[in-house]
Amino acid sequence: MMGILDLERLTSLSNEQCEIILGVAQNLQIIADLSQADIFIDCLLEEDNASFVVAEAKPTTIASLYKKSMLGKIAYEDMEPGVLFSLKTGKPIFGSRGITEERGIMQQDIVPINDQYGETIAVLIKERDISQEVQNERNIERLMKATNSEDEQRVFQAIVVQEIHHRVKNNLQVISSLLRLQMQRTHSEEVAEVFHDSISRISSMALVHDYLAQRGIEEADIKLLIQQITTLLVSSSIIPGQHITVSVEGNSVFCPSDQATAIALIVNELVQNSIKHAFPFPSQNCGKIDINLRRRKQMITITVTDDGCGAGDSFSLGDLSSLGLHLVEMLVEERLQGVLSFPLSDKGTKVSITFPIVSTEVNEY
């Protein structure tokens, strides 16, 4: 979400200077999405001891630090010393830290915007949440204070695992942002659908790494991940006027991160396939998708059933050219060492995958 004020009316800048700022502002949303940060442009007020926000962009790839628009907000020197310093001296500032409205920790980077004569006319400000990074720093401090090698190894391993998953998640979200920007530029519905499917797959993978980054563990609760993935899919894939519900039943099942990623992609494809093909709009504008997880000792079965129009008695993977279902077959057989089947269903379509699980979790069977 981007906004900009009327510079010529609210500032004493020349037309040429306003045009320079407007040129920078045109790219604010792209900068915000790629950097996963709130981006602002501030100008100096005439009284020379305060600045005000003339343009802003909130990221669509992550939650904003601010609940309300900051356009027009005035900041005095005692509130934003770094911004005023950069406006007055033309020097950039990197790595300044502060507290957000929700008591999180944010990092502020400030870069001057100069006119054709080198005069600073505004500053570009990036603010992003670094609460997780600060927590990692505190973990490192704990590591340094650890009194024995066993404590050191345990804390260090947790830090490394969290940081790896956190960085992978961020990289995947950046890729999604790039694809989303490209999708907005195409005029072909077929190309846009390909972009949408790719973004959905990457988002499902990012959810797994986000889960693991938050917990600092190497096993994921598949039931919880499936609930998150299906919620994301329904909100982003259904057509206005459609009413599709998804239920996830069964026991919580924990499995290693590599299996969790494969399962996330498989469920993404199966649910997305049902949304697209089982409920053709507008002839069928409502439906239900049921997902069931069942564990018998080391074997897991995940069944996805919809009550849509079905695909006929001869429904099988070999009859389909869908990239998504061929991807499911590959993931089940190669990544999970499992079996994909299409049990008969009274109505709609049922798809089942069964695979062995490798887990350190101890369960009662």
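Here Lys67 is the anchor, and the lysines within straight C-alpha reach of less than 26 Å, apart from those fewer than 8 places off in the same chain, are Lys58, Lys126, Lys169. Per-residue packing, averaged as other Cβ atoms within 10 Å, sorts the ranges 183-189, 259-265 into the order 259-265, 183-189, beginning with the highest.
Across segment 178-188, computed HN-Hα scalar couplings (Karplus, 6.51 cos²θ - 1.76 cosθ + 1.60, θ = phi - 60°) run 4, 5, 5, 5, 5, 4, 5, 8, 8, 10, 9 Hz from first to last residue, x flagging Gly and Pro. Loop-located GluC sites (Glu not before Pro) in segment 40-75 (DSSP state not H, G, I, E or B) with no more than 14 neighbouring Cβ atoms inside 10 Å: Glu46, Glu47.
Calculated FRET efficiency, Ile31 to Glu119, Cβ-Cβ distance, R0 = 22 Å: about 0.45 to the nearest 0.05. A straight Cα-to-Cα reach below 25 Å connects Lys350 with the lysines Lys223, Lys276, Lys288, Lys297, residues fewer than 8 places away in its own chain not being considered.
Rule-based calculations on the coordinates, nothing more; no lab input. A quick note: this is a predicted structure, and the numbers were derived from the prediction, not measured. Please note: Cβ atoms are built from the backbone with ideal geometry, for glycine as well, and neighbour counts cover all protein chains shown.
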